[in-house]
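The values are calculated or read from the model by the stated rules, or taken from the named source; none is laboratory data. All figures in this text were calculated on a predicted structure; none of them were measured in a lab. Quick reminder, even Gly has a Cβ in these numbers, built from the backbone with ideal geometry, and neighbours come from all protein chains shown. Each accessible area value is taken on the protein alone, full model and side chains, heavy atoms only, with ligands, DNA and RNA left out. Shrake-Rupley method; radii C 1.70, N 1.55, O 1.52, S 1.80 Å.
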Amino acid sequence: MGCGFALRQKKILECLQKEPELKVSELVELTGVAIATVRRDLQRMEQDNLIVRTFGGIRAVEAKSLVARTFEQREALQSTEKQRIAAAAAKLVKPGMTIAIDSGTTCMSFAAALKNKGPLRIITSALAVIETLGGMPDIEINLVGGRFRVDNLDFYGAVSINTFKQFYCDMAFMSCDALLPGQGAFSHDQESAAISRAIRGSAAELVLLCDSGKIGRRGAFLAFAPEEIGTVVTDRADEKLTAAGYKVINAG
């Protein structure tokens, strides 16, 4: 005897957890309804992004990681510019270095550009760096713990700040929410500014990865004073940056 759509859908999804691919004939037997009904069910489920239909059957939708789900929308914004900035910044990294990497989508792109830069030692509070470089055998990653922020997929707070004090890095590759050339780099919230300052304090040199849309924008909480910023990697040249004394790398 057949059953309602909701129950049929539940049975199909439960079965996909055990078998990643199923034939339509198997679904007919599983649900006890006609093949035409099964095909209508599968069409509805595909529209809801619950399955992927194949020739003669279905397969499970590939599950996205927490990092991918969180950053997917943000990566779509200025993705080309961010990738260019990341590639230009990666040229500053030499094998054998110890570097710190901030959280955020630009820093995630930067991490992806380091896959052939080993051996490296990386200090980070960002889960995205783990997901991007965790499988590389010649890259050592030290993840700084603390209080977890699910919206940014990183750790912050007193534990994170104190842990960064135990490291010394050649360079820190950081992002910001706003950059006023004569006044410094800013974050939208106090917690982000505090962890940014802690990361900066662990490194001999700061490299700021900053797309042009953030230059001239105002922020509430100071992360880096102008004299703390050594190099700015951006996608569009701005005379105010060089006038402020920064070394500027134009990735555009």
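One table, with the values for the structure above:
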{"item": "Contour minus Cα-Cα distance for residue 242 and residue 48 (0.36 nm per residue)", "result": "64.8 nm"}
{"item": "Cα-based equivalent ellipsoid, the chain: semi-axes from gyration tensor eigenvalues, Å", "result": "46, 19, 17"}
{"item": "Anchor residue 11: lysines whose Cα lies under 20 Å away (excluding residues fewer than 8 positions away in-chain)", "result": "23"}
{"item": "Residue 158-residue 13 pseudo-label distance in nm [points 7 Å out on the Cα-to-Cβ vector]", "result": "4.2 nm"}
{"item": "Cα-based shape type of segment 124-208, given that a ≥ b ≥ c are square roots of the gyration tensor eigenvalues and the cut on a/c is 1.5", "result": "prolate"}
{"item": "Amide N of segment 112-129 lying under 18 Å from the label point, which is placed 7 angstrom from the Cα of residue 97 along Cα→Cβ", "result": "112-126, 129"}
{"item": "Cα-centred dipole magnitude for segment 1-44, charges only on beta-carbon of K, R (+1) and D, E (-1), debye, nearest 20", "result": "200 debye"}
{"item": "Signed unit charges on C-beta, dipole axis of the chain, positive-most listed residue 143, 22, 194", "result": "22"}
{"item": "Under 20 Å from the Cα of residue 117 - lysines, other chains or at least 8 residues apart", "result": "82, 91, 94"}
{"item": "10 Å Cβ shell holding at most 15 others, DSSP loop, trypsin sites (Lys or Arg not before Pro): longest site-free stretch of the chain", "result": "1-63"}
{"item": "Helical mean residue ellipticity (222 nm; -39500 (n - 2.57) per DSSP H run of 4+; nearest 500) of the chain", "result": "-11000 deg cm²/dmol"}
{"item": "Whole-angstrom gap from segment 135-160 to segment 230-247, using each part's C-alpha centre", "result": "29 Å"}
{"item": "Within the accessible area of the chain (1.4 Å probe), percent carbon and sulfur", "result": "50 percent"}
{"item": "Heavy-atom surface of the chain, accessible at 1.4 Å and reported per residue (Å²)", "result": "51 Å²"}
{"item": "Estimated dipole of the chain in Debye, rounded to 20 [Cβ of Lys and Arg +1, of Asp and Glu -1, Cα centre]", "result": "280 debye"}
{"item": "Candidate lysines - alpha carbon under 26 Å from residue 18, same-chain residues fewer than 8 apart omitted", "result": "10, 64"}
{"item": "Estimated inter-spin distance, residue 148 and residue 188, nm [label 7 Å along Cα→Cβ]", "result": "2.2 nm"}
{"item": "Spin-label pair residue 28/residue 204, simplified geometry with 7 Å Cα→Cβ offset, distance in nm", "result": "7.2 nm"}
